[in-house]
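The values are calculated or read from the model by the stated rules, or taken from the named source; none is laboratory data. Predicted model only: the values in this text are computed from it and were never measured. Neighbour counts are summed over all protein chains in view; Cβ atoms, including those assigned to glycine, are modelled from backbone coordinates with ideal geometry. Calculation scope for accessible area: heavy atoms of the full protein, side chains included, ligands and nucleic acids excluded. Shrake-Rupley method; radii C 1.70, N 1.55, O 1.52, S 1.80 Å.
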There are 4 protein chains.
Amino acid sequence: MQKKKDSLPDIQRTKDRRGISINRVGVENIDFPLLIATKDKREVLVYAKVDLFSSLKHGVKGTNMSRFIETLMKYRYDVMNKENLEHFLRALKKKLGNVKDVYTRINFKYFIKKTSPISKKESVMSYDCTFECKLSKRFHFKLKTKVLTTSNCPCSKEISKYGAHGQRSRSTVTVEPMKGTKVWIEDIIEIVENAGSCEVYPLLKRTDEKYVTEKAYMNPKFVEDTARDIAVALQQLKTIRWFRVKVCNEESIHPHDAVCYVERHKKGKRWRKYSGSLRKIT
Amino acid sequence: MQKKKDSLPDIQRTKDRRGISINRVGVENIDFPLLIATKDKREVLVYAKVDLFSSLKHGVKGTNMSRFIETLMKYRYDVMNKENLEHFLRALKKKLGNVKDVYTRINFKYFIKKTSPISKKESVMSYDCTFECKLSKRFHFKLKTKVLTTSNCPCSKEISKYGAHGQRSRSTVTVEPMKGTKVWIEDIIEIVENAGSCEVYPLLKRTDEKYVTEKAYMNPKFVEDTARDIAVALQQLKTIRWFRVKVCNEESIHPHDAVCYVERHKKGKRWRKYSGSLRKIT
Amino acid sequence: MQKKKDSLPDIQRTKDRRGISINRVGVENIDFPLLIATKDKREVLVYAKVDLFSSLKHGVKGTNMSRFIETLMKYRYDVMNKENLEHFLRALKKKLGNVKDVYTRINFKYFIKKTSPISKKESVMSYDCTFECKLSKRFHFKLKTKVLTTSNCPCSKEISKYGAHGQRSRSTVTVEPMKGTKVWIEDIIEIVENAGSCEVYPLLKRTDEKYVTEKAYMNPKFVEDTARDIAVALQQLKTIRWFRVKVCNEESIHPHDAVCYVERHKKGKRWRKYSGSLRKIT
Amino acid sequence: MQKKKDSLPDIQRTKDRRGISINRVGVENIDFPLLIATKDKREVLVYAKVDLFSSLKHGVKGTNMSRFIETLMKYRYDVMNKENLEHFLRALKKKLGNVKDVYTRINFKYFIKKTSPISKKESVMSYDCTFECKLSKRFHFKLKTKVLTTSNCPCSKEISKYGAHGQRSRSTVTVEPMKGTKVWIEDIIEIVENAGSCEVYPLLKRTDEKYVTEKAYMNPKFVEDTARDIAVALQQLKTIRWFRVKVCNEESIHPHDAVCYVERHKKGKRWRKYSGSLRKIT
């Protein structure tokens, strides 16, 4: 195994004869700091987990992984709004050379100030968000936002002399904005928080706790109710062309979860059920 | 809030006027014991995490969650092969009444005996598997299998005087069998283990460790190589009509992973690249 | 780097001169099938994640990892009660040679039949359990059991006109039995299920849901209440000498959890607060 | 269940008669933004997961959870060095009133600039860190830092004609500084990165990859070697009085991990093996 090399060969570039083009190849789970533009026109630092992919032609043995990282690192501590994300993917496509499309997923925690409903105490709360982007012939962009609410069960309330079982409800909303429009994380959060039995808060004094308990009890929602109310609100937005809603109630009376999915896309002026096959939601 | 009820009303069945039909609603993360048929004609107990869904018409407020569990529980400790899974989904569809389609995902650990390559020492090793089933007009079935291998980097080997960086490689292979055919977990495992730089084993004595070290070094594979070799082998199976391969190398020289996806379906006698949009692999 | 070897040297056995004896060294996350003895005298198959450790003297470079696995694999599909665990650790200690102590942690899911409270419908439910064993001068054994219950908040109930916020409550109870005594998983589960606002069940029909909703509402518990009620019940057992209780309420009105720890050991006939330093519960 | 309340009763403060004092009660998993002081005298924003606890006397029914959050929220976006952490815990203790001790755990990602070894390309890399603090009679502080390295196996190298199996190695180092001294995250990272077979980097060009491959191959380390080399380096620090090291090699030839723990504390001028019982490292 005597090896001695002065110049370093580039194995990735050698010819591949298996005839298998690759849908996506790249890197996942890169820790990465960047700035996010907020609805109130600030720029906030977030620490993201980033995934980057490109397609790869059948005749090329391997992609050049270091170019993914090298291109990404130029944007560290930079603002990553929709425009810059497209700019970034164009730079990556150019750097990689002969590829048809490039993708990125950027997962981060986004903090928002919360004020308790009655005592008006301030705290901060974080929401898990994701930007999903693809650059092929055109640039595609999706925003995913996860929002916690409290849920109270309408059936349990109706059939019981008192009380109603309650639990954490986790909603995940993914939207694809119309070309040229913007959707703010803040708007999605507001839609979901209005669709649960009640908002959740990090800080609640007793007067607040009374308020949220009574509000949730008077506003019971099945997992289907929350999903539908989110869907109805999303359909009223002029700015989106596709969405998927997942609501997961971590049932307090069961060891398993109750889950609901709704997916829609716009055809002309009308919203249609997205004809999902099994692989769509898996 | 004076409530007193003798008969229990069924809130789920009340009319819903929001006009939003639901793609999927049901339960996730049910712990469940069942039997799996093995290639060598035994039946082995596994403990699964089960998800169950159905569609729901726009006019119905809520599904009947307890019917999902009730139907499932009848199959506890029962054999869940492809035939029984179809039987189970037909029973669930009937029980739920007026629904268009029902789904299940069944995740479990599957144990296989491993013999070390030189010293022939026996041990057992587990593989994460999933059955994904859908019953709409016809019955759809997919099998997902996760297999660990070791990977050595061809570039690192070529450019270095000695050594080559190695790491764990995690492959996830999902296949859809042709109608009327069977694909065994054991066959998928064999395909993946042949496509890595070397198999992994729970128990290796020194003679075995020498063998696997040398074999991996002489058989370096990029993440693209492993994915392509799996794809080539899958394409030779007459029994499948669609597959997706994900290979993830947990790079030992980086804090992030190298990842590759290949997805194909069969059109007539030819395998075609599946024209994935962003949402397909997300 | 010309290497050619006919006999294989044993690097692990070479002399180490750093003067650092090792508290524990071994293997973690071994997938392993074994049998557990149940309270009703059956033997049930479980699939465990196993960790194995030993101490290592300062002068020895490395332990012999394959001996851990080799010894363990002899017990696959075997009954692992307290007696066999001691037998296993003695075999491991002998196999490893010159070590002062050996340890194992065995994590598994344990299934129990559940009957819904009113409709008497049967289902199965799983509980995460762990055996922790150490063999030094004597054999030490601990049993850890995780049990889900539902919790309703007493404060929320008291201050609100109607309703009370409810949520999943996760209790983790670890006990050390007295020498020569046995503690059954089933007994710990019963203690915890009695200490929550209400038990949880996989399968509940409407009459059952009414029962659990009303029972939980009439039986509200702070996280401290559940922890104390578990502690009181454990202190009445003659069979244990030490315990630690963790109760975690996944608050439905907050994005964070409410958590309580109680740890006690027996000195003579009296239970004493375990004088935990920071590192004890961390 | 007619309830109508004008003033809100404080259930937590009611008398408890079970006689069970509580070791710790509080809140876990609070998302929280704060500033960390760096070794090079900057202040960087991090997003932490925070846990907060206090002891609770036997006669008091419940703690006041909202006071934990209220006190914490005053420090949002504030610098949390050792001094401020003590200040924060003193404020919490005062706010809670009659409690003996209070604790906090603060988990965050900490970013550091990395320069590739040969091509000198810049990137950023994150490390998981934790501050653990307790205020009882005095203030206790611990720092936990997780560092990834690459490991090559000395046995595999020695017995094989070529190559050596390599993998990710995850080290977790927890230290307790001497009273009045400071330990920087940066110092712990440097110690661990020197103790692995080689550092890992987000960005490596081919010349760098050659360097890290060859360095790792020429510098093989068992999990015990890395743990001991970290321990030797920590013992030379004058600033610490206790440490625990965990090294976990994610073996590329096995489905399980190789793990090593070393724990020491200083008695006078000498380092002693910490006489861990089973519960210490569990």
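Can you give the charge dipole size of chain C about its Cα centre, rounded to the nearest 20 debye, using +1 on the beta carbon of Lys and Arg and -1 on the beta carbon of Asp and Glu?
Approximately 1620 debye in magnitude.
Taking a label point 7 Å from Cα toward Cβ, how far is residue A:58 from its twins in the other copies, in nm, shortest first?
From this label point to the equivalent ones elsewhere in the assembly: 4.4, 6.5, 7.9 nm.
How crowded by other chains is A:125-137, given as the mean number of beta carbons from other chains within 10 Å of each beta carbon?
Per residue, the number of nearby Cβ atoms from other chains is 2 on average.
Residue C:184 label point, 7 Å along Cα→Cβ, cut-off 19 Å on backbone N: hits in the range C:92-118?
C:109-116
If you average 1/r over all unlike Cα pairs in the range B:145-277 and invert the result, what Kirkwood radius do you get in angstrom?
Details: mean 1/r = 0.0640 Å⁻¹.
For the range B:145-277, inverting the mean 1/r across all distinct Cα pairs yields 15.6 Å.
Considering the rotation that carries chain A onto chain C, locate the chain A residue whose Cβ comes closest to its axis and report the distance in whole Å.
A:166, 2
Determine the principal axes of the Cα atoms in the range B:22-137, then give the extent along each, sorted from largest to smallest and rounded to whole angstroms.
65, 23, 21
Counting only C-alpha contacts under 8 Å and six or more residues apart, can you give the relative contact order of chain C as a whole percent? Please list the in-between numbers first.
Numbers: 561 pairs, mean separation 36.9, N = 282.
So the answer I get is 13 percent.
Which translational diffusion coefficient, to the nearest whole µm²/s, is obtained for the protein assembly as shown from the Stokes-Einstein equation, given a Kirkwood hydrodynamic radius over C-alpha pairs, 25 °C and 0.890 mPa s?
79 µm²/s
Quote the FRET efficiency, to the nearest 0.05, computed for residue D:136 versus residue B:274 with a Förster distance R0 of 45 Å and r equal to the Cβ-Cβ distance. Kindly include the intermediate steps, with their values, before the conclusion.
Details: r = 61 Å, r/R0 = 1.36.
About 0.15, to the nearest 0.05.
Label points 7 Å out from Cα along the Cβ direction at residue A:57 and residue C:38: separation in nm?
6.2 nm
Roughly how many debye, to the nearest 20, is the charge dipole of the range D:22-137 about its Cα centre, given +1 on each Lys and Arg Cβ, -1 on each Asp and Glu Cβ, and no other charges?
Once rounded to the nearest 20, the dipole reads 240 debye.
Give or take rounding to whole Å, what are the principal axis extents of the alpha carbon atoms in the range A:78-220, in descending order?
Largest first, the range A:78-220 extends 68, 33, 22 Å along its Cα principal axes.
Any idea which of C:35, C:19, C:66 is furthest toward the positive side of the dipole for the range C:3-135, if Lys and Arg beta-carbons carry +1 and Asp and Glu beta-carbons -1?
The residue sitting most towards the positive pole is C:19.
Put +1 on the Cβ of every Lys and Arg and -1 on every Asp and Glu Cβ in the range A:145-277; which of A:235, A:184, A:147 then has its Cα farthest towards the positive end of the dipole?
A:235
Could you report the buried accessible area between B and C, both sides summed, computed with a 1.4 Å probe and given in Å² to the nearest 100? Don't skip to the answer; put the middle values down first.
Values: alone 17280 and 17260 Å², together 31470 Å².
The B and C chains share an interface burying roughly 3100 Å².
Going through the range A:177-251, which GluC sites (Glu not before Pro) have at most 15 other Cβ atoms within 10 Å and a DSSP loop state?
Working: sites: A:186, A:190, A:193, A:199, A:209, A:214, A:224, A:250, A:251; in loops: A:250, A:251.
The qualifying sites: there are none.
Residue A:100 accessible area, nearest 10 Å², 1.4 Å probe?
140 Å²
With the cut-off at 28 Å, tell me which of the pairs C:269/D:94; C:221/D:94; B:94/C:210; A:109/D:61; B:41/B:109 have Cα atoms farther apart than that.
C:269/D:94; A:109/D:61
Below 8 Å, C-alpha to C-alpha, sequence gap of six or more: please give me the relative contact order for the range C:91-217 in percent.
Computed over the range C:91-217, the figure is 25 percent.
For the range C:177-247, count the residues as N, evaluate 2.2 N^0.38 Å, and divide the Cα radius of gyration by that value, please.
That works out to 1.30 for the range C:177-247.
Which loop trypsin sites (Lys or Arg not before Pro) in the range D:102-161, with loop taken from DSSP, have no more than 12 other Cβ atoms within 10 angstrom of their Cβ?
For trypsin sites (Lys or Arg not before Pro) across the range D:102-161 that sit outside H, G, I, E and B with at most 12 neighbouring Cβ atoms in 10 Å, the list reads D:120, D:137, D:138.
For residue C:193 and residue B:218, what does the FRET efficiency come to when R0 = 60 Å and r is the distance between their Cβ atoms, rounded to the nearest 0.05?
0.55
In whole angstrom, note down how far apart the Cα centers of the range A:44-81 and the range D:17-57 are.
If we compute the Cα centre of each part, the gap is 35 Å.
Indicate the gyration tensor shape class of the range C:27-75 (rounded, prolate or oblate), computed on the Cα atoms with a ≥ b ≥ c the square roots of the eigenvalues: a/c under 1.5 is rounded; otherwise a/b larger than b/c is prolate and the rest oblate.
Prolate, since a/c reaches 1.5 and a/b exceeds b/c.
Two decimals, Cα atoms only, Kirkwood Rh: what is Rg/Rh over chain C?
Using Cα coordinates only, the ratio equals 1.07.
How would D:112, B:189 rank on accessible area, largest to smallest, probe 1.4 Å?
D:112, B:189
Using the 7 Å Cα-to-Cβ label point, sort the distances from residue A:180 to its equivalents in the other copies shortest first and give them in nm to one decimal.
5.4, 7.0, 8.7
Work out the mean other chain Cβ neighbour count within 10 Å for the residues of C:166-176 and drop it here as an integer.
Shielding by partners across C:166-176 averages 3.
What number, in percent, do you get for the relative contact order of the range C:1-100 if the mean sequence gap of Cα pairs under 8 Å and at least 6 apart is divided by its residue count?
The value is 31 percent.
Ordered shortest first, which distances in nm separate the 7 Å Cα→C-beta label point of residue C:272 from those of the other copies?
From this label point to the equivalent ones elsewhere in the assembly: 1.9, 7.5, 7.7 nm.
To the nearest 20 debye, what is the magnitude of the charge dipole of the range D:147-282 about its Cα centre, counting +1 on the Cβ of each Lys and Arg and -1 on the Cβ of each Asp and Glu?
Dipole of the range D:147-282, to the nearest 20 debye: 920 debye.
Quote the FRET efficiency, to the nearest 0.05, computed for residue A:239 versus residue A:91 with a Förster distance R0 of 30 Å and r equal to the Cβ-Cβ distance.
0.65
With both partners inside the range B:1-91, how many of the DSSP beta bridges are antiparallel, as a percent to the nearest 5?
Looking only at bridges with both residues in the range B:1-91, the antiparallel portion is about 95 percent.
How large is the accessible surface per residue of chain B, computed with a 1.4 Å probe and reported in Å² as a whole number?
Here the per-residue accessible area is 38 Å².
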